[in-house]
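K.L.:
I have a structure here, written as structure tokens, and I will follow up with some questions on it.
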Amino acid sequence: MRPSIVLFGDSITEESFGEGGWGAYLANHYSRSADVILRGYSGYNTRWAARVLARAVTGIPSASVAAVTVLFGANDASLPTRASAFQYVPLGEYRENLRAICALLRDRWPAAAVILVTPPPVDERGRLRFIGGGGGDGSGLPERTNQATGEYARACVQVAVECGLRVIDIWSRMQMFPGWETSFLRDGLHLTPRGNRLLFEEVVWALGDANLSLEALPADLPLCSDIDPDNAAKYFEEEEEEE
């Protein structure tokens, strides 16, 4: 069975199949080796994600799932006294929700590699430009801060270590590059094409570490270059017999 890679997350995942998105890059990268399945829910935090996970993955053949990425935290880290307070989840609950999500995924797909991804950093000036100088609530302050998001990113890494899972610390990785605020983020939160490319590269590396590189996966059906044009019919009959 052709393996599947499931992407589970908030808007940063939901948007990933857009032009230049990291999920679209993945689908192209694995086009002959694996199916990339999108389960992204814009605006969701881990509290809501934990409640809908079982329903969200219904219908995905369990035997096919080789890996799943989990990317939540950008909404959980919304400040409880600002415009997006309805999305806020306390840090301790965020950890517990991540553990619950990972436990459910491991129970449903025991052989799959679960890869946690931290929320990306936040450019507060970019957020204010996007939502308006009033901050959305008249305070003149952004509804998210990079400092608060960093706490959730570190918590995500801690949960991964505790659970023995792979983790991509994209919050730290992006900030290694000068000018990350506008190079990787288009509105202070969501990814630019370059930000999507960086996340794609990190996910490909993590999948390779889980023995899911292109080199480790067989191509789905024979490559054109491997087919003897004078004996193709017989070759495909043999393929069908093996199935």
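K.L.:
Filter segment 65-109 down to the residues that are at pLDDT 95 or above and among the polar types (S, T, N, Q), then identify the one that is nearest to the chain's Cα centre (by Cα).
P.N.:
The selected residue is Thr69.
K.L.:
Restricting to segment 149-199, give me the number of residues that are surrounded by fewer than 17 Cβ atoms within 10 Å (Cβ to Cβ), under 29 Å from Gly132 (Cα atoms) and among the β-branched types (Val, Ile, Thr).
P.N.:
Result for segment 149-199: 2.
K.L.:
Restricting attention to segment 1-48, which residues are within 19 Å of Ala113 (Cβ to Cβ), hydrophobic (A, V, I, L, M, F, W, C) and at pLDDT 95 or above?
P.N.:
Of everything in segment 1-48, those that are within 19 Å of Ala113 (Cβ to Cβ), hydrophobic (A, V, I, L, M, F, W, C) and at pLDDT 95 or above turn out to be Ile5, Val6, Leu7, Phe8, Trp22, Leu26, Ala27, Ala34, Val36, Ile37, Leu38.
K.L.:
Take Gly73 and decide whether it is touching a residue at least 24 places away in the same chain (Cβ under 8 Å), among the small types (Gly, Ala, Ser) and on the phi > 0 side of the Ramachandran plot.
P.N.:
When the stated conditions are applied, Gly73 passes them.
K.L.:
Is it fair to say Leu223 is of a type in the set (A, V, I, L, M) and surrounded by fewer than 17 Cβ atoms within 10 Å (Cβ to Cβ)?
P.N.:
Yes: the conditions hold for Leu223.
K.L.:
Quick one: Ala155 ticks every box in (1) farther than 21 Å from Val6 by Cβ; (2) assigned to a loop (DSSP other than H, G, I, E, B) except a single one, so which number is it?
P.N.:
(2)
K.L.:
Something else now. Among the listed residues Leu98, Leu116, Leu38, Leu79, identify the single one that is in contact (Cβ under 8 Å) with a residue 24 or more places away in the chain, in contact with a helix residue (DSSP H, G or I) (Cβ under 8 Å, 6 or more places away or on another chain) and in a helix (DSSP H, G or I).
P.N.:
Of the residues listed, the single one that is in contact (Cβ under 8 Å) with a residue 24 or more places away in the chain, in contact with a helix residue (DSSP H, G or I) (Cβ under 8 Å, 6 or more places away or on another chain) and in a helix (DSSP H, G or I) is Leu98.
The values are calculated or read from the model by the stated rules, or taken from the named source; none is laboratory data. Nothing here was measured: the structure is a model prediction, and the numbers come from that model. No Cβ is skipped: glycine too gets one built from the backbone with ideal geometry, and neighbour counts run over all protein chains shown.
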